[in-house]
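To keep things clear, I will list the structure first and then write my remarks on it.
The values are calculated or read from the model by the stated rules, or taken from the named source; none is laboratory data. Note that the structure is predicted; figures quoted are calculated from it, not measured. Because the Cβ atoms are built from the backbone with ideal geometry, glycine has one as well, and the counts that use them run over all protein chains shown.
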Amino acid sequence: MLLAIDIGNTNSCFALCEGLRVIQQWRIATDTHRTKDEYSVWLLTLLSHYGLKHSAITAAIISSVVPDVNFAIKRFVRDALNIEPEMITSGQVDCGMKLLIDQPGELGADRLINAYAAWKLYQKASVVVDFGTATTFDVISREGDYLGGAIAPGINLSLEALKRAASKLHGVAIVQPERAIGKGTTQAMQSGIYYGYAGMIEGVISAIEAELGYAPYVVATGGLAPLYGGATKAIHVVNEDLTITGLCMLHETICQKASA
């Protein structure tokens with residue numbers, strides 16, 4: 001089995017995969033102070049709980065946008081699993097896509113992986129909308145080239161900023177409200193967040209489409225993707241496992257190149 005690890009700014013996902021199939025996955029808060037021993041205890045306990053043996057893990061691949069976590073993660077994989085992990089870093093991994101941007105090394109590894117997975121899975125001009133700490137838009141051309149994208153504050157980040165800046169506002173659950181016109185503070189905030197971000201998504205996609213000159217296939221991923229997949233017709237498909245699937249694909253590509 002392959003252990004695919006996606007280290008995000010807020011949460012990290014650890015997934016066990018066979019081919020492109022996700023067997024099991026777990027999430028943990030990203031913490032720059034967590035040690036390799038803490039990762040070991042956490043994951044080995046989970047494996048035991050689900051009746052899985054760590055000896056069945058034969059390879060590992062890591063994507064990270066938090067450099068301060070990388071050392072502990074790599075040490076954990078080496079020491080606890082006796083595996084040398086593959087580290088995906090933008091600008092240093094040849095995934096077969098042309099990166100038509102000014103500074104390829106600045107592209108987040110998760111965004112590169114999402115674009116690569118979308119192209120491999122759907123084989124068409126696409127935009128990947130990732131609902132993470134930031135809401136990102138990544139554009140893939142008809143030829144499979146990475147063209148660039150857009151970055152907006154994430155939904156939870158915006159909600160947290162609103163709560164901190166306005167003393168009378170409070171945290172609310174992010175849900176589809178019953179009506180756009182809220183009859184109280186909670187309902188009003190839920191409406192603003194839900195419909196506001198739906199409108200933002202439509203606006204950015206519309207601007208990208210106008211610039212491309214054709215309509216791209218829009219793929220939503222990330223924790224809130226299912227909620228917004230039904231909020232706007234701009235999104236064509238929801239794929240919550242897009243990043244993990246992309247890591248599995250990249251692992252296969254790297255293995256094929258190594259054996260060639």
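Some points to look at:
- Residue check for residue 156: of a type in the set (S, T, N, Q) and more than 27 Å from residue 208 (Cα to Cα): no
- If you go through region 214-237 and keep only what is surrounded by fewer than 18 Cβ atoms within 10 Å (Cβ to Cβ) and either within 11 Å of the chain's Cα centre (by Cα) or not in a loop (DSSP other than H, G, I, E, B) (or both), you end up with 217, 226, 237.
- Hey, residue 101 in contact with a helix residue (DSSP H, G or I) (Cβ under 9 Å, 6 or more places away or on another chain) and of a type in the set (Val, Ile, Thr) or not: no
- Scanning region 69-83 finds no residues that are modelled with pLDDT of 90 or more, farther than 19 Å from residue 28 by Cβ and among the aromatic types (Phe, Trp, Tyr).
- Here 23, 62, 83 are screened, and the one residue that is outside the structural domain of residue 225 (by TED's automatic domain parsing) and within 15 Å of the chain's Cα centre (by Cα) is 62.
- Pair list, Cβ < 7 Å and 6+ apart or interchain, from region 28-44 residues that are in the same structural domain as residue 71 (by TED's automatic domain parsing) and free of Cβ contacts under 8 Å to residues at least 24 places away in the same chain to residues that are among the hydrophobic types (A, V, I, L, M, F, W, C) and assigned to a helix (DSSP H, G or I): 28/42
Yes/no per residue for (1) of a type outside the set (Gly, Ala, Ser); (2) part of a loop (DSSP other than H, G, I, E, B); (3) out of contact with any His (no Cβ under 6 Å at 6 or more places or on another chain):
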position: 177; (1), (2), (3): yes, yes, yes
position: 186; (1), (2), (3): yes, no, yes
position: 203; (1), (2), (3): no, no, yes
position: 206; (1), (2), (3): no, no, yes
position: 245; (1), (2), (3): yes, no, yes
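- Checking each residue in region 84-112 for being among the charged types (D, E, K, R), surrounded by 15 or more Cβ atoms within 10 Å (Cβ to Cβ) and in a helix (DSSP H, G or I) picks out 110, 111.
- Members of region 184-214 found to be in contact (Cβ under 8 Å) with a residue 40 or more places away in the chain and more than 30 Å from residue 28 (Cβ to Cβ), listed by number: 204, 205, 208, 212, 214
- Test: residue in region 202-211 that is at negative phi, among the polar types (S, T, N, Q), more than 18 Å from the chain's Cα centre (by Cα) and crowded, with 20+ Cβ neighbours inside 10 Å: no
- Scanning region 50-67 for residues that are surrounded by fewer than 18 Cβ atoms within 10 Å (Cβ to Cβ), touching a residue at least 24 places away in the same chain (Cβ under 8 Å) and not β-branched (Val, Ile, Thr) yields a count of 4.
- Region 177-201, subset touching a Phe, Trp or Tyr at 6+ places or on another chain (Cβ under 9 Å) and among the aromatic types (Phe, Trp, Tyr), residue surrounded by the most Cβ atoms within 10 Å (Cβ to Cβ): 197
- Residue count for region 94-114, restricted to those that are hydrophobic (A, V, I, L, M, F, W, C) and within 18 Å of the chain's Cα centre (by Cα): 5
- Some residue of region 16-39 being in contact with a His (Cβ under 8 Å, 6 or more places away or on another chain) and over 23 Å from residue 134 (Cβ atoms): no
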